[in-house]
Amino acid sequence: LTLTAAPGPIALGGAATAGGLLYNGGAPGPTIRARAGERARIRLVNALGEPTIVHWHGLIVPESADGQPRSAIASGTTFDYDFPVVQRAGTSWYHPHAHHRTASQLHRGLAGFFLIGDAEEDALGLPTGAREHLLLLQDRSGDADAYTYAPTRDDALVGILRDVPYGNGVARPRLTLDGARHRLRVLNASQARVYRLARSDGRPLTVIGNDGGLLAAPVEVPDVWLGVGERVDLLVDGRSIPEGGRIMLRSLPFTIAVGPTVAIPQGIPMDLVELVRGAGSAPAEPPLPPVLSSIPALAPADPTVRTFVFRSPSPESHLIDGRAWDMDRIDGQVPFGRTERWRFVNDSTVPHPVHLHGTHFQVVARTGGRGEVYPYERGWKDTVLLLPLESADVLVRFDRYRGVYLLHCHNLQHEDAGMMLNLRVG
Ligand code: C2O
Ligand code: CU
Ligand code: CU
C-alpha cells in the first residue's frame, strides 16, 4: 500500500470545502484491513510541505516501524514500513506523530482506521459488509474553520474542545440500520474530547470489544466513557429502533468535580450520530455467543508498582513525573518479557487519556474520581482514561519487541507539549 499525505480540499457539506490534509485524497484516509499473520508493507509519501510520520496506534510493531516522532521524515521524502501483523483481530488506527505537529495534522484531517481480522473473530459470525460501520469521532467547529488549526490559550490547557460532532469527516453524521444486528466500531480521534456514549432511548449498549480486540464476553452497559485514542466495538440491533424511527447515539452530560472554566467544556451533552431504522430486516439471528474470546490474565512478577504522575501545572506545561519529553533522553528501562504493575496518577484538573506504544495492557484498578474499572475496559487496552484526580493501575508486559517505545497523554495539546516518555524495553 502507498499512503500519500498531501494537502487538499475537504467537503464541508453542500458545495463548501475547506483546505485540509488528506491521506490518499481522503479525510479520513483509506481503511487498511489486514489479517493476523500477514505482512504489511506500506510506503508513506510525504507531500505535505512539512515533516510527518505515520504511527499505527494499537499495532504491535518493531520500533523501526512504530512511526514515533524520531522517525519523522521531511516533505518530499518517503518512509517504508515493513512489519508482520502479529496480533489478534481488533480495531486500530493510524495518525501523524511528528513532534509538535500531531495536533495540527490530525486536526487538519489526517487519520484512518487499521483493522485486523483473524479466524477467532470470523468464527463468531459478526455483522460485516453493509452491517459493519466504522465511526471516527471528532468534535469540530461547525463553520468554514472546521479544519483550520488555530488553538487558543484555553485550548493549550484543556485541549481543543468544540461542539459539533463529526463522524468520518462529516458533520452530524447519520447511519441507517436495517432490522438486523449491526457492528459499530467507534474510535475517538478527537483532540481532547471525552465522550460518554449512550443511546437516547435509555437502552443499554452492547459492547463486544475495545482497543485490543474482543472482550472475553459481550457486556451490556448504560454508557461508555471514551477518551481520545480509545476504541469500542458495539453491537446495535436495528430492531431495537422502532420502524420508521430514529434514535441518537449521544454523549451524556457529565461534570468534572474540579477543573478550568472554558467556553465549551468537557461534559457538554452532544448528539453524536443519528441512527435511523432503515427498510428490510434479517431473518431471525442466533443469540450472541456467550463467549467471544479467551483472555489470559497477566500476573505481575512481584508487588512493586511503577508510578507515573501526570500534571499540568500551567496551560502550556504538561509533564509526566515532572518532565517534558526529550527525544534523545531515555526515561525508563522496562525488562522484556516481565509483567509489571504500573500506576498512572492524574494529579491535575484536566483529563489525561494515557496511551502506551509497543504492547497492550490490562486495566486492574481505578481509584479516585469514578473509582471503578468498567467492564468494557477489561481485556486488552492501549489507552486508559484518567479523569482529574484519578489513578489507574495496569498490568503491562512487553513480550514481542525490544526497543524504545512511548508512553504519553493522547490529549493532543498535551502530547505536543511533551507529555510523553521514552521507555527502553530490553
Ligand atoms: Cu495514537 Cu503515540 O499515539
Ligand atoms: Cu500509539
Ligand atoms: Cu493530558
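The values are calculated or read from the model by the stated rules, or taken from the named source; none is laboratory data. Note that the structure is a prediction, hence the values are computed from the model and not measured. Backbone-built Cβ (ideal geometry, glycine too); neighbour counts: all protein chains shown. The area values use the complete protein model at the heavy-atom level, side chains included, leaving out ligands, DNA and RNA. Shrake-Rupley method; radii C 1.70, N 1.55, O 1.52, S 1.80 Å.
A few remarks follow.
- Dipole-positive endmost among H97, F114, V258 within the chain (Cβ charges, Cα centre): F114
- Three-way shape label, the range 277-338, alpha-carbon gyration tensor, a/c 1.5: oblate
- Fully extended contour minus Cα-Cα distance, from V305 to I268, at 0.36 nm per residue: 9.8 nm
- Cα centroid separation - the range 234-262 against the range 278-306, whole Å: 22 Å
- Estimated at 0.36 nm per residue, the fully extended path between E316 and V258 surpasses their Cα-Cα distance by 19.0 nm.
- Cα-centre dipole for the chain with unit charges at Cβ (Lys and Arg positive, Asp and Glu negative), debye to 20: 260 debye
- Net lengthening on full extension, Y149/R370 (0.36 nm per residue, minus Cα-Cα): 76.3 nm
- When you filter the trypsin sites (Lys or Arg not before Pro) in the range 317-402 for DSSP loop state and at most 13 other Cβ atoms inside 10 Å of their Cβ, you are left with R329.
- The chain, helix-only ellipticity at 222 nm - DSSP H runs n ≥ 4, -39,500 (n - 2.57), divided by all residues, nearest 500: -1000 deg cm²/dmol
- In this structure the chain gives 37 Å² per residue of accessible area when probed at 1.4 Å with all protein chains present.
- The range 370-420 and the range 22-61: distance between their alpha carbon centers, rounded to Å: 22 Å
- Semi-axes of the equivalent ellipsoid of the range 236-345 are 42, 28, 12 Å, computed as sqrt(5λ) over the eigenvalues of the C-alpha gyration tensor in descending order.
- Relative contact order (%) - the range 1-114, alpha-carbon pairs under 8 angstrom, separation at least six: 31 percent
- Carbon and sulfur %, accessible surface of the chain computed with the full protein complex present, 1.4 Å: 52 percent
- Using C-alpha pairs below 8 Å separated by at least 6 residues, the relative contact order for the chain is 15 percent.
- Of the listed residues H133, H414, the order by accessible area with a 1.4 Å probe, largest first, is H133, H414.
- DSSP-defined beta bridges in the chain - what % are antiparallel, rounded to 5: 75 percent
- A convex hull fitted to the Cα coordinates of the chain yields 131 cubic angstrom per residue.
- Based on the Kirkwood approach, the hydrodynamic radius assigned to the range 4-119 is 14.5 Å, with every pair of different Cα atoms included.
- The calculated FRET efficiency for A11 paired with R246, based on their beta-carbon distance and R0 = 22 Å, is about 0.40.
- Two-site FRET efficiency, N24 against R323, from Cβ-Cβ distance with R₀ of 60 Å, rounded to 0.05: 0.95
- Label sites at E285 and R172, each approximated as a point 7 angstrom past Cα along Cα to Cβ, lie 2.9 nm apart.
- Equivalent ellipsoid semi-axes, the range 66-114, via Cα gyration tensor eigenvalues times 5, rooted, Å: 21, 15, 9
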